[in-house]
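**Q** Take this structure, written in structure tokens, and hold onto it; I'll ask about it next.
Just so it is clear, none of the values below were taken in a lab; they were calculated from the coordinates. None of these values were measured; they are calculated from a predicted model. With ideal geometry, Cβ positions are generated from the backbone for all residues, glycine too; neighbour counts draw on all protein chains shown.
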Amino acid sequence: MVRHRITDEQWECLAGVFPPPKRTGRPRSNLRNIVDAIMWILCTGSQWRDFPQAEFGAWETAYCWFHRGRPHYSTVVYTLNGFLWNNASRNIHGFFIAPV
């Protein structure tokens, strides 16, 4: 597993937390990539403009999702922590995040 990336199993748990895409307008960005970008920022403590754009895309997109998603952080955190707690016996590596 690459550092600061969520696993496929973690993504399966998180995929249902996000709202469905809108029917009109611009196509939605890759949410998994956005979650990975936000995790990179939170784990490294770097500034938004300093994260690798080639790996995660435009920082503005990740920041916009980070800023708009504040009401949903507790759901994401508890979902990830519950996943890690349930799979601790299988020795799965992942993130443990303190609730906001």
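**Q** Could you compute how fast the range 1-54 diffuses translationally, taking Rh as the Kirkwood radius over C-alpha pairs and applying Stokes-Einstein at 20 °C with viscosity 1.002 mPa s? Give it in µm² per second.
**A** 169
**Q** Between LYS22 and TRP48, how high is the FRET efficiency from 1/(1 + (r/R0)^6) when r is the Cβ-Cβ distance and R₀ = 25 Å? Nearest 0.05.
**A** FRET efficiency, LYS22 to TRP48: 0.55.
**Q** What is the extension gain from ASN33 to TRP11, computed as 0.36 nm multiplied by their sequence separation minus the C-alpha to C-alpha distance, in nm to one decimal?
**A** 6.9 nm
**Q** Sequence-distant or interchain residues sharing an amide H contact under 5 Å with GLY69, placed H: which?
**A** Under 5 Å from the amide H of GLY69 lies no amide H from a residue far enough along the sequence or on another chain.
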